[in-house]
């Protein structure tokens, strides 16, 4: 058909190869730790000669950069789904609890991913502006949500982030695979919400009257 779009098969193959490289890098990071692998290990894992891998990623830091952007993009998609879900509408504390659980569960599900996203675990690695952009958008979404609830002090926002990060770190360090710190999330959210002056939730019986 005249005028029909032409597929760029070379670009499709290149994109598929990049995804395969990233999948292999994530697998190695989960097996050996975030830093204890090489580009040669990645190439061997996918059956590629090491020099060929450099045509897709010029260095190990470049792979980290792509992994960082991929991880934050995946989380950004979850956040956008969360804030538009009917289950998350309503009382501010309900929304904050849902957002807190979302981040907590995403973080503890994958130690290597969490370390890359939120801890300075790789010497010399600084994400590029492009890879960092989804993280910036996630923070902006969180701030917009809290501003809509009347929480406008950035310090209050940072304390919320710190509480979440602290519980995640405790979970990963002391009870990996468990839920002991997740069980504390609602209490932590209520303590924080009390401190910033958010109204308590209306008991269900009062809502039905």
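Estimated from helices alone, the mean residue ellipticity of the chain at 222 nm is -22000 deg cm²/dmol (sum of -39500 (n - 2.57) over DSSP H runs with n ≥ 4, per residue). In this calculation the C-beta distance from residue 80 to residue 49 is compared with R0 = 25 Å, giving a FRET efficiency of 0.05.
Note on the chain: with a GNM built from Cα contacts shorter than 10 Å, the maximum mean-square fluctuation among 154, 182, 30 falls on 154.
So what's the angle, to the nearest 10 degrees on a 0 to 90 scale, between helix 92-108 and the longest Cα principal axis of the chain? The answer is roughly 30 degrees.
The alpha carbon gyration tensor of the stretch 145-186 gives principal lengths a ≥ b ≥ c with a/c of 1.5 or higher and a/b greater than b/c, which makes the shape prolate. Every Cα-Cα pair of the stretch 37-86 was included, and the share exceeding 17 Å stands at 49 percent. Multiplying the residue separation of residue 110 and residue 125 by 0.36 nm and subtracting their alpha-carbon distance yields 3.4 nm. For the chain, the alpha-carbon coordinates run over 67, 55, 28 Å along the three principal axes, in decreasing order.
Based on the Stokes-Einstein relation at 4 °C and a viscosity of 1.567 mPa s, and on the Kirkwood radius from alpha carbon pairs, the stretch 9-58 is assigned a translational diffusion coefficient of 117 µm²/s. FRET efficiency for the pair residue 59 and residue 17, taken as 1/(1 + (r/R0)^6) with r the Cβ-Cβ distance and R0 = 22 Å, rounds to 0.85. Set the Förster radius R0 to 22 Å, insert the Cβ-Cβ distance between residue 190 and residue 139 as r into 1/(1 + (r/R0)^6), and round the FRET efficiency to 0.05. For R0 = 22 Å, the calculated efficiency reads 0.45.
None of the figures in this text is laboratory data; all of them are computed from the coordinates on show. None of these values were measured; they are calculated from a predicted model. When we count neighbours, we look across all protein chains shown, and the Cβ atoms used for this are built from the backbone with ideal geometry, even at glycine.
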